[in-house]
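Novice: Before I ask anything, let me first share the structure, which is written out below as structure tokens.
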Amino acid sequence: MAQTIFAIASSESQAVNILNRLRSAGFLSEDVSVLMSDKAGTTDFAIKHETKAPEGAATGATTGGILGGALGWLAGVGTLAIPGLGPFIAAGPIMAALSGAAVGAAVGGLTGGLIGLGVPEYEAKRYEARLKEGNVFVSVRVHDDESKDVAKTILETAGAEDITTTGVVKVSR
């Protein structure tokens, strides 16, 4: 059974370290998500799903280049305006979950979108608070116990916080 591991990186450089380790360990780009506040406030990205290069380059410019290059590896990089929170950069399956109807979920905003990904409500509220503080949300979908152990080890050794594992809710694109 597929599961997703969620965690918080306390800085962009820590998130880059985690993404590079996940990539080196063989995790697929479509199984990894990142969400962070768009500190630059730029919301005029063109979101194209055919290629990730323009989004990676544009995101790189917005994030000062620290995380942008690492995000270019992930699917569906773009920005979202989350009601009450402002602009966020999202990459991976979380982009689809937070686009459209998920943002208007019962709990609303970011918390509702995270709940739509399968994050328990109390965890989703905690993640939202951590994102407001400037932290980076990272998730990785795993398909077996071995990949689960590898992903958790990567997150733990990289110093990620609030590591949680949950079942996957399938998100349609």
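Novice: Sort Ser147, Ser13 so that the residue with the fewest other Cβ atoms within 10 Å of its own Cβ comes first and the one with the most comes last.
Specialist: By the 10 Å Cβ count, ascending: Ser13, Ser147.
Novice: How would you rank 150-159, 14-23, 111-120, highest first, on the average number of other Cβ atoms within 10 Å across their residues?
Specialist: Taking the mean over residues of other Cβ atoms within 10 Å, the ranking is 111-120, 14-23, 150-159.
Here, each number is a calculation from the coordinates, and none is a lab measurement. No experiment lies behind these values; they were computed from the predicted model shown. When we count neighbours, we look across all protein chains shown, and the Cβ atoms used for this are built from the backbone with ideal geometry, even at glycine.
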